[in-house]
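Below: one structure, written as structure tokens.
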Amino acid sequence: MVFLITEGKVELTTRCDDKKVVDSFDVLNQIAQGLQKDATGNVLVEGHTDSVPISTAKYASNWELSSARAGAVVRYLVERGIEPHRLAAIGRADDFPLVAGNDAAARAANRRVAIAVQY
């Protein structure tokens, strides 16, 4: 599951998938329901950024921004009843781009959160 995120922000709002906008809260709620039904897997939540360096009062670098993105999803899942010991958040910064290139479309695709269930 990949959520595309607005530049320089940590917001759970929407993702774009083939020009279709999907409410990420609906998707996260579905994920939470699935995780509640199958409590055997651990969940790795990875935050990613584009390659544009960031340095703000809130996020010193893309490392902090990507970690905050992953943390926001983990907190949301915990609030929906997923046991914290099953969850791990990791920030990947811009080290694992989904799409090559530095144009606006590539940067948008690389701002994301990926969720993997590990058995």
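Taking the range 26-52 as the range and being touching a helix residue (DSSP H, G or I) at 6+ places or on another chain (Cβ under 6 Å), over 22 Å from A109 (Cβ atoms) and of a type in the set (V, I, T) as the test, only V43 passes. Residues that are assigned to a helix (DSSP H, G or I), basic (K, R) and in contact with a Ser or Thr (Cβ under 9 Å, 6 or more places away or on another chain) are absent from the range 28-47.
Would you check if D38 is in contact with a strand residue (DSSP E or B) (Cβ under 9 Å, 6 or more places away or on another chain) and at pLDDT below 85? So D38 does not fit the description; no.
Based on this model, can you work out whether V52 counts as under 17 Å from S24 (Cα atoms) and either of a type in the set (F, W, Y) or not in a helix (DSSP H, G or I) (or both)? If you could, list the steps in order and put the result at the bottom.
Values: under 17 Å from S24 (Cα atoms): no; either of a type in the set (F, W, Y) or not in a helix (DSSP H, G or I) (or both): yes.
Judged against the criteria, V52 is not a match.
Being of a type outside the set (D, E, K, R), within 20 Å of F25 (Cβ to Cβ), touching a helix residue (DSSP H, G or I) at 6+ places or on another chain (Cβ under 8 Å) and assigned to a strand (DSSP E or B) is a description that applies to V117.
Could you list, in sequence order, the residues of the range 45-62 that are free of Cβ contacts under 8 Å to residues at least 40 places away in the same chain and surrounded by 11 or more Cβ atoms within 10 Å (Cβ to Cβ)? Even if it seems obvious, please write down each step before you answer.
Step one: filter the range 45-62 for residues free of Cβ contacts under 8 Å to residues at least 40 places away in the same chain, giving 53, 55, 57-58, 60-62.
Hits for the range 45-62 are K58, A60, S61, N62.
Looking across the range 56-82 at every residue that is of a type in the set (S, T, N, Q) and assigned to a loop (DSSP other than H, G, I, E, B), the one that is farthest from I31 (Cα to Cα) is identified as T56.
Given the criteria of a type in the set (V, I, T), modelled with pLDDT of 95 or more, in contact with a strand residue (DSSP E or B) (Cβ under 9 Å, 6 or more places away or on another chain) and farther than 23 Å from R107 by Cα, does V74 qualify? Judged against the criteria, V74 is a match. Can you find a residue that is of a type in the set (G, A, S) and at pLDDT 90 or above anywhere in the range 4-20? Within the range 4-20 (the criterion being of a type in the set (G, A, S) and at pLDDT 90 or above), the answer is no, since none of the residues qualifies. Could you list, in sequence order, the residues of the range 68-119 that are hydroxyl-bearing (S, T, Y) and under 13 Å from the mean Cα position of the chain (by Cα)? Answer for the range 68-119, where residues must be hydroxyl-bearing (S, T, Y) and under 13 Å from the mean Cα position of the chain (by Cα): just Y76.
The values are calculated or read from the model by the stated rules, or taken from the named source; none is laboratory data. Please read all numbers here as calculations on a predicted model, not as lab measurements. Ideal geometry is used to build each Cβ from the backbone, glycine not excepted, and the neighbour counts take in all protein chains shown.
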